[in-house]
Amino acid sequence: MKQPNMKQLNMKQQGGFTLIEIVIVIIILGLLAATALPRFLDVTEEAQDVAVEGIAGGYASAVGLVRAQWEVSGRPDGNGGTAERTVVNYDLVQIGVDGDIGYPSGDPATNTRVTSVTSDDCLYLINNLFQQQLRVATTFVAANQLFVRADANICFYHQTAGLSAAPTDTVGNNGFSYNAATGQVGLFLNKNI
């Protein structure tokens, strides 16, 4: 019978990692986790911020387009049947504008002066300024993308992700506002996850 040489015996006896090797791997994994984990935690917050910024940017662009259409149409005032209703055709959709300044103000079937902007007007605007429908409502539903409210004739669009109730101000939540008197769209990014 043939005798195995010493090299073959040594290779058969070594079958796993040493304790030192395992400890070094654990230390390396711990260091990687300590440096990478905070970065991954910020990803959710950044994604929510970017989502709001994208919607607000699209909204601001649409406001500018409606205002431009009002200018191109000869600055109509009171063409919606009464002096308080001015209408602009925007991408085959009628949008109510204030006839004095031309910024979108809501539902063309109601008073379109900026002094009478309601939550329903804000809902009408966001549903009709975008080609793609967003999940929005004036009643708080956590599954929606945005909760809509009006305060002092300014539209507020609150991101619902992470909220458990309808917000009454901009503290602790993300969203954007729209002032129909000035055409300004402003961001508020106050949510901390």
*Odd one out for residue 101, checked against (1) in contact with a helix residue (DSSP H, G or I) (Cβ under 6 Å, 6 or more places away or on another chain); (2) modelled with pLDDT of 95 or more; (3) surrounded by fewer than 20 Cβ atoms within 10 Å (Cβ to Cβ)*: (1)
*If only one of 169, 151, 121 is touching an Asp or Glu at 6+ places or on another chain (Cβ under 7 Å) and acidic (Asp, Glu), which one is it?*
121
*Are any residues in region 124-133 assigned to a loop (DSSP other than H, G, I, E, B) and either of a type in the set (Lys, Arg) or surrounded by 14 or more Cβ atoms within 10 Å (Cβ to Cβ) (or both), and if so, which ones?*
130
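So in region 96-114, with the set limited to residues that are without any contact (Cβ under 8 Å) to a residue 40 or more places away in the chain and either in a strand (DSSP E or B) or among the hydroxyl-bearing types (Ser, Thr, Tyr) (or both), which one is nearest to residue 74 (Cα to Cα)? Before you say what the answer is, go through the steps one by one.
As a first pass, look at region 96-114 and keep what is without any contact (Cβ under 8 Å) to a residue 40 or more places away in the chain: 96-97, 99-100, 102, 107-113.
Still in the list and also either in a strand (DSSP E or B) or among the hydroxyl-bearing types (Ser, Thr, Tyr) (or both): 96-97, 110, 112.
Details: 96: 15, 97: 13, 110: 22, 112: 17 Å.
Ranking the candidates gives 97 first.
Taking residue 181 as the residue in question, decide whether it is surrounded by fewer than 20 Cβ atoms within 10 Å (Cβ to Cβ), in contact with a Phe, Trp or Tyr (Cβ under 6 Å, 6 or more places away or on another chain), small (Gly, Ala, Ser) and outside any strand (DSSP E or B). Before the answer, list the steps.
Working: surrounded by fewer than 20 Cβ atoms within 10 Å (Cβ to Cβ): yes; in contact with a Phe, Trp or Tyr (Cβ under 6 Å, 6 or more places away or on another chain): no; small (Gly, Ala, Ser): yes; outside any strand (DSSP E or B): yes.
Against the criterion (surrounded by fewer than 20 Cβ atoms within 10 Å (Cβ to Cβ), in contact with a Phe, Trp or Tyr (Cβ under 6 Å, 6 or more places away or on another chain), small (Gly, Ala, Ser) and outside any strand (DSSP E or B)), residue 181 does not qualify.
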*Can you tell me which of 50, 88 is more than 16 Å from residue 181 (Cα to Cα) and in contact with a helix residue (DSSP H, G or I) (Cβ under 7 Å, 6 or more places away or on another chain)?*
88
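Would you confirm, using the coordinates I've provided, whether residue 133 is free of Cβ contacts under 8 Å to residues at least 60 places away in the same chain and over 27 Å from residue 44 (Cα atoms)?
Values: free of Cβ contacts under 8 Å to residues at least 60 places away in the same chain: yes; over 27 Å from residue 44 (Cα atoms): no.
In short, no.
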*Since residue 71 meets every condition but one in (1) modelled with pLDDT of 95 or more; (2) buried (at least 18 other Cβ atoms within 10 Å of the Cβ); (3) not aliphatic (A, V, I, L, M), which condition does it not meet?*
(2)
*Out of the residues in region 104-123 that are surrounded by fewer than 18 Cβ atoms within 10 Å (Cβ to Cβ) and not hydroxyl-bearing (Ser, Thr, Tyr), state the one that is nearest to residue 170 (Cα to Cα).*
120
*asked:* Can you report the number of residues in region 158-183 which are under 11 Å from the mean Cα position of the chain (by Cα) and among the hydrophobic types (A, V, I, L, M, F, W, C)?
replied: 2
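The values are calculated or read from the model by the stated rules, or taken from the named source; none is laboratory data. Note that the coordinates shown come from a computational prediction; the quantities given were computed from them, not determined experimentally. Here Cβ is always computed from backbone atoms with ideal geometry, including for glycine, and neighbour counts include all displayed protein chains.
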